[in-house]
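The values are calculated or read from the model by the stated rules, or taken from the named source; none is laboratory data. These numbers come from a predicted model, not from an experiment. Because the Cβ atoms are built from the backbone with ideal geometry, glycine has one as well, and the counts that use them run over all protein chains shown. For the accessible areas, the whole protein counts, side chains as well, though only heavy atoms, and no ligand, DNA or RNA atoms are used. Shrake-Rupley method; radii C 1.70, N 1.55, O 1.52, S 1.80 Å.
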Amino acid sequence: MPEQGPASGGYTPTGRSTPTRNRERAEYDRAAVHAILDDDYLCHMGYVRDGAPVVLPTLYVRVDEHLYLHGSTGSRPLREAGGEGLPVCVTVTRVDGLVLARSAFHHSVNYRSVVAHGLARRVTDQDELTAALDALVDNVVPGRAADSRPADAKELAATAVLRLDLDEVSAKVRQGGPNDEPEDQSLPYWTGVLPVSRVYGTPEPAEDLAPGTPLPGYLSGR
């Protein structure tokens, strides 16, 4: 794929953002990257602690060219993200299908993924922190931030948010069916794709929910 820069609407590939395998699946288009990020809310953040790798799951949201990552003020990565920032690698993956081939070797997964490298810095501005927390809540359930009590001063003091600027970023996508060997095409095994999708169940009210409290409209359609 030809390199793309900001002027052409894409991220510039780097050594870290260029995959070593299946490079044809890599994408650097901003719209494509944003679409994958906006389709989820759970990421994995990797960093190095005491010379060893650590990977933590956490909630995130994309706002323009930034990722906001949720955390606690007591967590080690949040403490280490002050000053010059914490070097991190953030990954997001959505599985779209299980690819079942005739041979075990050629089984695969259809997926969309994003990998972002950079320095994560703790958000200290109170207005940005409040906006980021509202965005994190709404990214999980759109409309929920306005339909719940805002965090008070004590809760804000116990909550931390990291911001990672989207600069060194790439997406990788696998689509389509199995890639069976020609000599295997006559084998009597079912082959194809088993689609995978996220399905929400019926909302379950809390035991102490006040009688007559209506189900919010943003939940009735999920």
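Quick check on my filter: what residues within the range 119-176 are touching a Pro at 6+ places or on another chain (Cβ under 9 Å) and on the phi > 0 side of the Ramachandran plot? If the condition is that a residue be touching a Pro at 6+ places or on another chain (Cβ under 9 Å) and on the phi > 0 side of the Ramachandran plot, then Gly143 is the only one that fits. Which of the residues belonging to the range 146-162 are surrounded by 15 or more Cβ atoms within 10 Å (Cβ to Cβ) and touching a residue at least 24 places away in the same chain (Cβ under 8 Å)? Leu156, Thr159, Ala160, Val161, Leu162, listed by residue number. Count, please, the residues in the range 186-204 that happen to be surrounded by 10 or more Cβ atoms within 10 Å (Cβ to Cβ) and over 26 Å from the mean Cα position of the chain (by Cα). Number of matching residues: 4. Picking from residues in the range 28-57 that are over 16 Å from Leu69 (Cβ atoms) and in contact with a Phe, Trp or Tyr (Cβ under 9 Å, 6 or more places away or on another chain), the one that is most open to solvent (accessible area, probe 1.4 Å) is Pro53.
Of the numbered criteria (1) aliphatic (A, V, I, L, M); (2) crowded, with 19+ Cβ neighbours inside 10 Å; (3) touching a residue at least 40 places away in the same chain (Cβ under 8 Å), the one Val137 fails is (3). Residues in the range 153-185 that are under 16 Å from the mean Cα position of the chain (by Cα) and assigned to a loop (DSSP other than H, G, I, E, B): Leu166, Asp167.
Would you pick out the residues in the range 85-110 that are hydroxyl-bearing (Ser, Thr, Tyr) and in contact with a Ser or Thr (Cβ under 6 Å, 6 or more places away or on another chain)? If the condition is that a residue be hydroxyl-bearing (Ser, Thr, Tyr) and in contact with a Ser or Thr (Cβ under 6 Å, 6 or more places away or on another chain), then Thr93 is the only one that fits. Just one of the listed residues (Asp165, Asp184) is closer than 26 Å to Met45 by Cβ and touching a residue at least 24 places away in the same chain (Cβ under 8 Å), and it is Asp165. Put simply, of Leu187, Leu209 the only residue that is at pLDDT 95 or above, out of contact with any helix residue (DSSP H, G or I) (no Cβ under 8 Å at 6 or more places or on another chain) and closer than 30 Å to Ala101 by Cα is Leu187.
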